[in-house]
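Single-structure report; data block below.
The values are calculated or read from the model by the stated rules, or taken from the named source; none is laboratory data. In this text, all values refer to a predicted model and were calculated from it rather than measured experimentally. Neighbour counts are summed over all protein chains in view; Cβ atoms, including those assigned to glycine, are modelled from backbone coordinates with ideal geometry.
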Protein chains: 2
Amino acid sequence: MNPAQHLLSADNTDADQAHSTAGNQVQIRALRTIPDVYQDDCLGSLIVESLQREGQSISNQSILIVAQKVVSKAEGRTIALASVEPSRQALQLSRKLNKDPRKIELVLQESSDIVRLREAPNGDSEGLLITRHRNGFICANAGIDESNIDGIESVLLLPEDADLSARRLRQTIQSLTGKTPGIVITDTFGRPWRQGLVNVAIGLAGVAAVVEDGCTTDAWGKPLFVTKPALADELAAASGLLMGKDAKTPVIIFDGVNWRDQSSSINDLIRTPKEDLFL
Amino acid sequence: MNPAQHLLSADNTDADQAHSTAGNQVQIRALRTIPDVYQDDCLGSLIVESLQREGQSISNQSILIVAQKVVSKAEGRTIALASVEPSRQALQLSRKLNKDPRKIELVLQESSDIVRLREAPNGDSEGLLITRHRNGFICANAGIDESNIDGIESVLLLPEDADLSARRLRQTIQSLTGKTPGIVITDTFGRPWRQGLVNVAIGLAGVAAVVEDGCTTDAWGKPLFVTKPALADELAAASGLLMGKDAKTPVIIFDGVNWRDQSSSINDLIRTPKEDLFL
């Protein structure tokens, strides 16, 4: 047992017993001391070091929500715009949308389809480009992020495969602590119909995207339609309560959630185009 | 000070001080002893009695998430299907959708527009009717609920004005306890593009629908686009972690959330059709 394992497993038994009675109480904590993250940093180690520094523990029943931003940075997904050569399509869209053609080029490279496009209303503001990311989910600008990058002319792409990122993070945390918390990688998306932004899941390890509600009859014994809560998106949205947009708390820990470890993938959260009435 | 006030304010000072350092930790609790709710029950009283029975307290910084189901029941929104006379349009849609025309009639009465309609694929299954509810939000079947109703041939409509329901609930709780927690009334909706259901806000008192993120620069001092988290929907989605679909825990309490009491309405969560690319 290495020192990290020792520290983190100190309250192991109690924590695991407490979690076995999950159902009436959930605790959400922010890690406060995650440092700035750079390419080739080991994010799992940074998380475990922060846990130790802050005297916080995790158990096998904990779930860690991790902002895409720090995952992408560690994975070197920062792209210097000067290195991008816009295609003819990107140049055409650039005029319609009043956006940098190099950013549009990256959006197109990251996407399998353009879902909606709204032209720029006038010279001062930008249009809107909503695409299906190669990983399946739909969002504005393929999730490409212009904020919190050190270096002015660069952008941050989503992880290439956020499920894989989540599984690797989990392995690192397991090797350092002996614990296997669930992992959900999130990004902040807008939504049809509703104002405001919410965090949604883009990559998973251990945590089911969607669960079947345990009960098949209601409180009066009448059969219920099977409901399927989107557990990963419930966790992602909840993490927004503590994950400030200043990127200082990119890791949020949940305890007390009623879940069980299983093989999982973000694909389970994505409707096929055939099922979807809003494409 | 009545006995309820006394009990609930026992840890008043500590609780209010604890909440002033909100930002690193959120606690979510379920009320476990809310009884079955019937028409003309005072839901606020039932909540306060449950708090007392369970020895749980709330502060002015708490937020209560309340399932639409118990609000609608207390408000007498249960409709006997035998009392409904389907219109010609409901009868026509009934054949296309393979649904009870009386239910469709109620959906139409509750809605301002039909947003999408998918015909029944075959005789065994039902089609899909997505409408804009008179209160503005878009959902399947105008949010009409067929489960957890005592009496087989009846359905439950959403509250007529869930903002008003939330404000009244808050007033009752204040009069019984002296505390003014925020209130969010929620329902469980499907979503475009993504599988699984999440709870969303349909009525508010005190809690902002959407907040402006406090910071205008990122961690490196670079100006940020203003982000607007949908606070009410973050809370609603998070409540799903403890609000089982068997309706036994329809009230969930949040503490530690960084929010401030303000005038609020569900209208602030709804995009105008002009802003929306997915109508």
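Here are some notes:
- Residue in the range B:198-212 that is at pLDDT below 95 and either of a type outside the set (A, V, I, L, M, F, W, C) or surrounded by 24 or more Cβ atoms within 10 Å (Cβ to Cβ) (or both) present: yes
- Residues being more than 8 Å from chain A (Cβ to nearest Cβ) and of a type in the set (Lys, Arg) - total across the range B:226-279: 2
- Of all residues in the range B:84-123, those satisfying the criterion of being touching a His at 6+ places or on another chain (Cβ under 8 Å) and hydroxyl-bearing (Ser, Thr, Tyr) are B:111, B:112.
- For the range A:67-80, the count of residues that are at pLDDT 95 or above and under 27 Å from residue B:29 (Cα atoms) is at least one.
- Selection count where residues are under 17 Å from residue A:26 (Cβ atoms), touching a helix residue (DSSP H, G or I) at 6+ places or on another chain (Cβ under 6 Å) and among the hydroxyl-bearing types (Ser, Thr, Tyr), scope the range B:249-279: 0
- Of all the numbered requirements in (1) at pLDDT below 90; (2) buried (at least 23 other Cβ atoms within 10 Å of the Cβ); (3) not small (Gly, Ala, Ser), residue B:226 misses one, and that requirement is (2).
- Within the range B:174-207, tally of residues that are over 15 Å from residue B:161 (Cα atoms) and within 14 Å of chain A (Cβ to nearest Cβ): 15
- Filtered residues of the range A:193-211 (kept if in a strand (DSSP E or B), in contact with a helix residue (DSSP H, G or I) (Cβ under 6 Å, 6 or more places away or on another chain) and not charged (D, E, K, R)): A:198, A:199, A:200, A:201, A:202, A:203, A:204, A:205
- Test: residue in the range A:149-159 that is within 15 Å of the chain's Cα centre (by Cα) and acidic (Asp, Glu): no
- On the stretch given as the range B:245-279, residues that are within 23 Å of residue A:239 (Cβ to Cβ) and small (Gly, Ala, Ser) total 2.
- Residue in the range B:174-187 that is outside any helix (DSSP H, G or I), assigned by TED's automatic domain parsing to the domain that holds residue B:66 and in contact with a Cys (Cβ under 9 Å, 6 or more places away or on another chain) present: yes
- In the range B:53-165, counting only strands (runs of 3 or more DSSP E) that sit wholly within it, the ones holding 1 or more residues that are surrounded by fewer than 14 Cβ atoms within 10 Å (Cβ to Cβ) span B:78-80, B:111-118.
- Candidates are the residues of the range A:229-279 that are outside any loop (DSSP other than H, G, I, E, B), acidic (Asp, Glu) and out of contact with any strand residue (DSSP E or B) (no Cβ under 7 Å at 6 or more places or on another chain); the one that is modelled with the highest pLDDT is A:268.
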